[in-house]
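Quick notes on the structure that follows.
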Amino acid sequence: MKIDLSINPVLVRGLLTRFIRTEITRTGFSRGVLGLSGGIDSALVAYLAAEALGPQNLLCVRMPYKTSSQDSLEHAMLVIQDLGVPYLDIPITEMADGLISRFPEMSNVRKGNIMARCRMIVLYDQSEAFQGLVIGTGNKTEILLGYSTLYGDSAHALNPIGDLYKAQVRQLAREVGVPQPILDKAPSADLWAGQTDEQELGFTYEEADQLLYLLVDQRYTPEECVEAGFRREFVETVVRRMRRNHFKRVMPPVAKITTRTVGYDFLYLRDWGT
Amino acid sequence: MKFSLALAQINTHLGDVDANLEKHLALAREAAQSGAQLVIFPELSLTGYVLQDLAATVAHRPRPDDALFRPLLEASRDLDMVVGFVEEDRRYRYYIAAAYLSAGQVVHVHRKVYLPTYGIFDEKRYFAAGDTFHAFETRFGRAGILICEDFWHVSSPYALWMDGADLFLLTSASPGRGVTDQILGSAQWVQDVNRAYSGLFTSFFVHANRVGFEDGLNFFGGSTVFDPDGRMIARAPFNEEALTVCELDLAQLRRTRIRLPLLRDERPDILLRQLEKI
């Protein structure tokens, strides 16, 4: 079965730059803050945001931990230099190790979560200092799989690429001119040496994109996905991940005890009044 | 007879009626100065679209003593206007509505009949539905108004057609989706529907859509005017606010319908009998 995830990158580029510009300026801001990891997602958002706001209005922050790869830092610098945006280097090793060192047996997952949340603290601090909104960089594949840290990389004021699958991120990244070494390398959260997303997830983004597209966009049942040629075990894994991680996609529930409660029957868009 | 029409393709402030009113009055002035005799604003042009719990607080009654309608009716002395608003009735029901204003009078109010409540839409939660499609007389001939989802039901323009409408005034606040083709998928659909209707009903189809964002929803603009031959005679740009003025030659109705007498040959009696039997 042929599943076509191609987008018109020119159309999407225009839409997303307008989104960034509008949704930042209508709240009274004119600037953005972005954590630049050296990977394709944050690089793409940097290009879109620099185009939307003007490069001088986008602060890019590199936040390496001691195990982060040198390649990541260099790739982030390629973006910074190409765009001519202001940047800061704020290593998170001391911050993170302050907590990590208390627990010698700490798992990689816990360490990874701490790093992601340290980076969130740095970005929100820069948000106030630079007077810019934090721009998110999670793509649709990650969001649906729940491959993120709650209140870590999932914390931001707006997300321009959250409705693009990884394959579509690649198409758009080529369109906006993300440097070739970033396009070519394997996706990695870079939480420990040699980590790749696909190794950790147990399947490739290409497979996940196609399955998610059928399940979510095309409303196929899991059974229909199996009939379409996906391995049953893979389909079940992805469906389970989606459901188990849904809590990362919603606001925490408020216990309803009155006639009007935030989240249930007190409903307004963020853009209320603007 | 020829007349000049303006598509006021605007962005709106969500829930800020005063700011939107100011924009309406400014554009009405500009349209009148450009020689336009009728200006069409999009769906909910005075309030914004995803109103949710704002619906009741932005509502108005289309009367001369209403604070919102007084200045609009005053402006309608210079040119006819179609404006989008939330209407509150006497029993506190709220409708997505569009009013045709002319020479200081409210000529017609259409209450949206089809309220989409699926996918990204949640209109029935907040609004009451209208229950009629009526054509009405204007100085440019008999017209009818449809609001967004209304015109996704082919029976709506048909009902207006049978009620004598030759000039169809369509308004929407249509969120864009579908990014695989040259233009947005939803933009292509709306354009195709308008083109098909204008040809099938051998009538003028005017469509005013809005632009801008509300949270993550983008409204794409691309407002159009099609003539009775299905020819696009005006199109506003995508995604940008614009006042697009064009001329409608009403004599085209005669020329088209001599060549293609679909209206003459239409048999609503057959449809009626069928529907009664089903």
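The values are calculated or read from the model by the stated rules, or taken from the named source; none is laboratory data. Since this is a predicted model, take the numbers as computed values, not measurements. FYI the Cβ positions are ideal-geometry reconstructions off the backbone, even for glycines, and counts take in every protein chain you see.
A few comments on the model shown:
- Residues of the range B:144-156 that are in contact with a Phe, Trp or Tyr (Cβ under 6 Å, 6 or more places away or on another chain) and either under 13 Å from B:His110 (Cα atoms) or among the acidic types (Asp, Glu) (or both): B:Gly144, B:Glu149, B:Asp150, B:Ser156.
- A single member of A:Asp153, A:Asp184 is within 30 Å of A:Leu53 (Cα to Cα) and without any contact (Cβ under 8 Å) to a residue 12 or more places away in the chain, and it is A:Asp184.
Yes/no matrix, rows are residues, columns are (1) touching a residue at least 60 places away in the same chain (Cβ under 8 Å); (2) under 23 Å from B:Asp269 (Cα atoms):
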position: B:Phe127; (1), (2): yes, no
position: B:Glu149; (1), (2): no, no
position: B:Leu160; (1), (2): no, yes
position: B:Asp163; (1), (2): no, yes
position: B:Val193; (1), (2): no, no
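- Residue match in the range B:174-195 (condition: of a type in the set (Ser, Thr, Tyr), touching a Cys at 6+ places or on another chain (Cβ under 8 Å) and crowded, with 19+ Cβ neighbours inside 10 Å): yes
- Conditions (1) surrounded by fewer than 16 Cβ atoms within 10 Å (Cβ to Cβ); (2) more than 30 Å from A:Gly177 (Cβ to Cβ); number of the one not met by A:Ala129: (2)
- Inter-residue pairs, beta-carbon under 6 Å, first at the interface with chain B (Cβ under 7 Å from one of its Cβ atoms) and in the range A:10-21, second part of a helix (DSSP H, G or I) and not polar (S, T, N, Q), 6+ apart: A:Val12/A:Leu172
- Against the list (1) more than 14 Å from every other protein chain (Cβ to nearest Cβ); (2) of a type outside the set (Asp, Glu); (3) surrounded by fewer than 22 Cβ atoms within 10 Å (Cβ to Cβ), the condition B:Leu46 fails is (3).
- In the range B:93-118, the residues that are of a type in the set (Ser, Thr, Tyr) and touching a helix residue (DSSP H, G or I) at 6+ places or on another chain (Cβ under 8 Å): B:Tyr94, B:Tyr114, B:Thr117
- Lone unmet requirement of (1) farther than 21 Å from A:Trp272 by Cβ; (2) touching a Gly at 6+ places or on another chain (Cβ under 9 Å) for A:Ala43: (2)
- Matching entry among B:Phe220, B:Phe205, B:Phe213 (being within 24 Å of B:Ala135 (Cα to Cα) and touching a helix residue (DSSP H, G or I) at 6+ places or on another chain (Cβ under 6 Å)): B:Phe205
- A:Tyr213 vs. criteria at pLDDT 95 or above, within 14 Å of another protein chain (Cβ to nearest Cβ) and farther than 24 Å from A:Ile7 by Cα: no
- Close Cβ contacts (under 8 Å, 6 or more residues apart or on different chains) running from residues in the range B:1-27 that are within 14 Å of chain A (Cβ to nearest Cβ) to residues that are polar (S, T, N, Q) and surrounded by fewer than 21 Cβ atoms within 10 Å (Cβ to Cβ) comprise B:His13/A:Thr274; B:Leu14/A:Thr274; B:Gly15/B:Thr57; B:Asp16/A:Thr274.
- Residue list for the range A:84-108, filter: small (Gly, Ala, Ser), out of contact with any helix residue (DSSP H, G or I) (no Cβ under 6 Å at 6 or more places or on another chain) and not in a helix (DSSP H, G or I): A:Ser101, A:Ser107
- Residues of the range B:247-259 that turn out to be surrounded by fewer than 18 Cβ atoms within 10 Å (Cβ to Cβ) and either of a type in the set (Ser, Thr, Tyr) or not in a helix (DSSP H, G or I) (or both), as a count: 3
- The set of residues from the range B:81-125 being among the hydroxyl-bearing types (Ser, Thr, Tyr) and under 17 Å from B:Ala165 (Cβ atoms) comprises B:Tyr100, B:Ser102.
- For B:Leu169, the stated conditions hold: it is of a type in the set (A, V, I, L, M) and out of contact with any helix residue (DSSP H, G or I) (no Cβ under 8 Å at 6 or more places or on another chain).
- Taking the numbered list (1) within 15 Å of the chain's Cα centre (by Cα); (2) surrounded by fewer than 21 Cβ atoms within 10 Å (Cβ to Cβ); (3) among the hydrophobic types (A, V, I, L, M, F, W, C) in turn, B:Ala159 passes all entries but (1).
- When the helices (runs of 4 or more DSSP H) confined to the range A:127-201 are screened for residues that are in contact with a Ser or Thr (Cβ under 8 Å, 6 or more places away or on another chain), those reaching at least 1 such residues are found at A:140-145, A:166-176, A:197-201.
- Whichever residue in the range A:218-274 is closer than 30 Å to A:Asp4 by Cβ and within 14 Å of another protein chain (Cβ to nearest Cβ) and, among such residues, is surrounded by the fewest Cβ atoms within 10 Å (Cβ to Cβ): A:Arg219
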